[in-house]
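Notes to accompany the following structure.
The values are calculated or read from the model by the stated rules, or taken from the named source; none is laboratory data. These numbers come from a predicted model, not from an experiment. So basically every Cβ, Gly included, is an ideal-geometry build from the backbone, and we count neighbours across all protein chains shown. Accessible surface areas use protein heavy atoms only, side chains included; no ligands, DNA or RNA. Shrake-Rupley method; radii C 1.70, N 1.55, O 1.52, S 1.80 Å.
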Amino acid sequence: MRIELERRPDVSKLFSILSPFIALGLTLVFGGIMFMLLGKDPLSALYSFFIEPLTEVWSLHELAIKAAPLILIAVGLSVCYRSNNWNIGAEGQFIMGAIAGSILPVVFYEWQSPLVLPLMMLLGMMGGALFAAIPAFLKAHLNTNEILTSLMLVYVAQLFLDWLVRGAWRNPGGMNFPETRTFDATAILPEMIASGRAHWGFGFAILAAILIWFMMRYTLKGFEITVLGQSERAGRFAGFSSRKMIWFSMLLSGALAGLAGIAEVSGAIQQLRPVISPGYGFTAIIVAFLGRLNPLGIVVAGLVLALTYLGGEAVQVSLQISDKPIRVFQGLLLFFVLSCDTLIHYKIRMMWFDLTDTTADGVR
Amino acid sequence: MSAEGEPANSPLLAVGQLTKLFGTFAACDGINLDIRPGEIHALLGENGAGKSTLVKMLFGVLAPTSGEIIWQGQAVRINSPSTARKLGIGMVFQHFSLFEALTVAENIALSMNPGVSLSRIAKEASDLSHAYGLPLDPNAHVADLSVGERQRIEIVRALLQNPKLIILDEPTSVLTPQEADRLFETLNKLKAEGRSVLYISHRLEEVQRICDRATVLRHGKVTGACDPRKETPSSLARMMVGSDVAHVSAEGTSAKGAVKLEARHLSASARTPFAVSLKNICLKVHAGEVLAIAGVAGNGQGELFDALSGEYPVANDDVILIADKPVGTRGINARRLMGAGFVPEERHGHAAVSALSLSDNLVLARSQSDRRAFLGGGVLGLIRQDAVKMAAKRISEAMDVRKSGENPPAGSLSGGNLQKFIVGRELDRQPTVLIVNQPTWGVDAGAASRIRQALVDLAKSGSAVLVISQDLDEIFEVATEIAVISEGRLSDIYPASDLSREKIGLLMGGMYGKTGTAETAHAH
């Protein structure tokens, strides 16, 4: 027997719109089953996972804090993915941005000035962009697979950060804990509104989403990204260079991931630690696809995925289970989003005959 | 390998009311057809008439929506190619499915049952190919073979299954006239053995020459069943198209003007192991001229187009000149700004992006040449959708592009209509040089004649037009001058009136006769 995906002659508009919601619904159903198997009441578990965090002001602030890096990174990734460049290493670019941006408050901690914060943000973007430049160079000039190189560089970044906070950058007055000195007040990203902790990182995220949305929708650059993503050959016919597009999309997404990194460190953590991200760079891949690679959709998707982080923490406390269900939830969500999208464009066809006799015989 | 004779009057294959729906669109609508043992039966029709859908159902690639297929008197359900093969139906597709890096025998082995040794397959294939006059070296790599030889592999592969019916989809579209003659001999041999052939084509002369009966399709319906030898080409064409096709008029082509496009000893090495390198190509196209470059597919046409268009610029500036200015190292948009327009062979994913709208596909080719009209906002480069849409509408009207909706995605248009848009997109700019690769490949007769007329008219208005084509009918309709490309080399340029099909056929095979003089004659 062989299972084939057959392209549907026309795509249902209604289901294209419904698809993310169906995926979300299926995730809830299977998440509920998972809680049941863990011996917990599924309804109350889902309530504390998805509803409770939305009922209090402080947790809404936490939501914004967690959504900010997801949205910033995913918006950059959407440009990459639309142009057919598969940057999987945003986690590493996030960390390198955080490290580069922390040079001022950690090494030059005595310099206190209003200029520090903008410079930190710029350095963060440069750090992320330069780290993304490695897979970009390898792909543009040596034709390597950017999925592999960008992914492997994540571990380089993680270990480099680990080495820094245990070695060169360890806080001299920190009783040997693997942490840098805490940032000076001039190096801390201020809160957006007085009611809580949410810092300007969320503002950056919204701004970035709007700018990229505008670029994709109205400008020739956005058109170039779309064309090269659809067909390199057609892009070449239009006079667009796919090599330049590798650089553009990788550097842009690297810079946004770097900005997310330094904003997170400067606004939420206020020092460097061995681990500064609960996997934002990887979760942002889900965010990008859940948001249909559309920057405005990504804002919504970022908030949904941020909720899974918060809800995960909540059920750890209220139900006494480990943090693994969050991962499962995120995985379920990505799985259902991708399969719903696939089934909108394709239908499944079972071929009930012998496989051995049908190879390479003009069945195109 | 011989098949026993069937009673001559009972059909080998009969098809009754066969229908295939895609959504609400009927690609085949109540088709009736019967094929007798030992006949060559033609299936005629324009592109999109439903020929491919019909044979895909016969070969088990597509499942019919309704209707019946009767094989040797018994109703059968053919739900896979292997079922079809077991019944005794073989198929040679228009586009080959061969692995270029493997040898002939290995490619054949891929479609056979596992467990048969490669050397046995090689021996059988070699014997069979010689018996049918299709000589083939089983140990040659496919990449080294000509298109004609590749087709032989497909035919031998089908014959190894000892079929009673062989379906050939547009087999001569990739052959030189001489190669086609050989194929016809083979087909007659198969017929003499009592096998039947279903021969799909839109070339009327061929059908009249070798086919015993013909079934004509139009818009998914049978519009005629006849003996092609008793019909005239125009009566067959009428059945295919439904009306008389406008004749392309090349009358009154103006006298030669200045040289607008020139290549001087253009050479380019192959970019991939399976591409063709260009060798010392010299050509000149004057204003008011249509230079057609004939040749069998895969002899460097695509590579020549890439070099002339600037999609892949070459190393030296002065080997390509547009309006006397060297442009060899310049990109495609720089050449467009000098007044050149380009139409590549492949519509989907090269000349157009299927998922994007027509107006977006207009920006694709003209974002720089029409920068002032289409872009605003300075460095931001905002696309002025209103201006683009208006231009797209103007082009659609000028070229009679039939589409569903105001601005549909390019992929929703039929091949002919999309090609009219793609050609119209360039004509709309009044290019001084137009380079077109396979202008009417896979396009219906009505659209083809429209496009050809437009090319002739453009030359008449004083532009230089270069047409690369495999279709000799097309070449004789539009060309004022003709050259032939073979293995990356270009022949001398001859006035169209001095060449016959036979002469072109010889040139296609690479027999220049006076290659030496060709090179000296074009040295500048």
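Points to keep in mind about this one:
- Looking at the stretch A:87-160, the GluC sites (Glu not before Pro) that sit in a DSSP loop and have at most 13 other Cβ atoms within 10 Å of their own Cβ are A:Glu110.
- Under a Gaussian network description of chain A, with springs only between Cα atoms under 10 Å, the residue in A:Met125, A:Met96, A:Met245 that fluctuates furthest is A:Met245.
- Among B:Ser354, B:Phe184, B:Cys28 - extreme Cα towards positive end, dipole of chain B, charges at beta-carbon: B:Ser354
- Net charge of neighbours whose Cβ lies under 10 Å from the Cβ of B:Asp29, counting Lys and Arg as +1 and Asp and Glu as -1: +2
- Residue among B:Ala445, B:Ala365, B:Gln301 farthest towards the positive dipole end of chain B, charges placed on Cβ: B:Ala365
- For chain B: rounded, prolate or oblate by the Cα gyration tensor [a/c cutoff 1.5]: prolate
- Rounded to whole Hz, the Karplus (6.51, -1.76, 1.60) HN-Hα couplings of the stretch A:299-314, x for glycine and proline: 4, 5, 4, x, 5, 4, 5, 4, 4, 5, 5, 4, x, x, 5, 5
- Per residue, the solvent-accessible area of the stretch B:279-385 (1.4 Å probe, heavy atoms of protein chains only, all protein chains present) comes to 32 Å².
- Cβ-placed point charges (K, R +1; D, E -1), dipole of the stretch A:60-302 about Cα centre in debye, nearest 20: 620
- Angle between chain B longest axis and helix B:445-460 axis [Cα atoms, degrees, rounded to 10]: 30
- Gyration tensor (alpha-carbon) shape descriptor, chain A, a/c threshold 1.5: oblate
- Interface burial in the stretch A:225-240 reaches 40 Å² or more for A:Gln230, A:Arg233, A:Ala234, A:Arg236, A:Phe237, A:Ala238, comparing the full protein assembly with the chain by itself; accessible area from heavy atoms with a 1.4 Å probe.
- For the protein assembly as shown, the carbon plus sulfur part of the accessible surface works out to 59%, probe radius 1.4 Å.
- Mean Cα-pair separation over length for chain B, i.e. relative contact order, pairs under 8 Å, 6 or more apart, %: 15
- Principal-axis analysis of the Cα atoms of chain B puts helix B:177-192 at an angle of about 10° to the longest axis.
- Based on C-alpha pairs under 8 angstrom that are at least 6 apart in sequence, the stretch B:13-241 has a relative contact order of 29 percent.
- Between the stretch B:417-447 and the stretch B:176-213, the Cα center-to-center distance that results, in Å: 32
- Charge dipole (Cα centre; +1 on Lys/Arg Cβ, -1 on Asp/Glu Cβ; no other charges) of the stretch B:259-521 amounts to roughly 720 debye.
- Take every pair of alpha-carbon atoms less than 8 Å apart whose residues are at least six positions apart; their mean separation over the length of chain A yields a relative contact order of 35 percent.
- When the convex hull of its Cα atoms is viewed from all sides, the stretch B:13-241 shows a mean projected area of 12.3 nm².
- Most mobile listed residue (A:Gly254, A:Gly201, A:Gly239) in chain A, GNM with C-alpha springs under 10 Å: A:Gly239
- On Cα atoms only, tilt of A:220-230 relative to the major axis of chain A in degrees: 50
- Fluctuation leader among A:Gln320, A:Gln158, A:Gln93 - chain A, Gaussian network, Cα springs under 10 angstrom: A:Gln320
- Calculated FRET efficiency for the pair A:Leu5/B:Glu185, C-beta based, R₀ 41 Å, to 0.05: 0.45
- Selected from B:Tyr132, B:Gly220, B:Thr103, residue furthest toward positive end of dipole (the stretch B:13-241; charges at beta carbon): B:Gly220
- Stretch gain in nm, segment A:Val156-A:Ala185, where the contour uses 0.36 nm per residue and the Cα spacing is subtracted: 7.4 nm
- For B:Val259, the shell of other residues with beta-carbons less than 13 Å away shows a net charge of +1, using +1 for Lys and Arg and -1 for Asp and Glu.
- Near B:His286: Cβ cut-off under 9 Å, other residues only, Lys/Arg at +1 and Asp/Glu at -1. The net charge is +1.
- Annotation for the B:A interface, with buried accessible surface near 3100 Å², both sides summed [1.4 Å probe; non-protein components not counted].
- Alpha-carbon centroids, the stretch A:1-52 and the stretch A:240-256: separation in whole Å: 34
- Long pairs among B:Lys189/B:Lys279; B:Lys20/B:Lys393; A:Lys221/B:Lys56; B:Lys56/B:Lys420; B:Lys403/B:Lys460, criterion Cα-Cα beyond 32 Å: B:Lys189/B:Lys279; B:Lys20/B:Lys393; A:Lys221/B:Lys56
- Per-pair calculated FRET efficiency, R0 = 22 Å: B:Arg501 and B:Ser234 via Cβ, rounded to 0.05: 0.65
- Helical contribution to [θ] at 222 nm, DSSP H n ≥ 4, -39,500 (n - 2.57), averaged over the protein assembly as shown, rounded to 500: -14500 deg cm²/dmol
- The charge dipole of the stretch B:13-241, taken about its Cα centre with unit charges on the Cβ of Lys, Arg, Asp and Glu (plus for the first two, minus for the last two), comes to roughly 640 debye.
- Sites count as exposed loop sites when they are GluC sites (Glu not before Pro), lie in a DSSP loop, and have at most 10 other Cβ atoms within 10 angstrom; the longest stretch of chain B without one is B:252-524.
- Cα gyration tensor category, rounded, prolate or oblate, for the stretch A:98-229 with a/c compared to 1.5: oblate
- Stretchable slack from B:Asp318 to B:Glu346, in nm (0.36 nm times residue separation minus alpha-carbon distance): 7.3 nm
- FRET efficiency for the pair B:Asp473 and B:Tyr494, taken as 1/(1 + (r/R0)^6) with r the Cβ-Cβ distance and R0 = 25 Å, rounds to 0.90.
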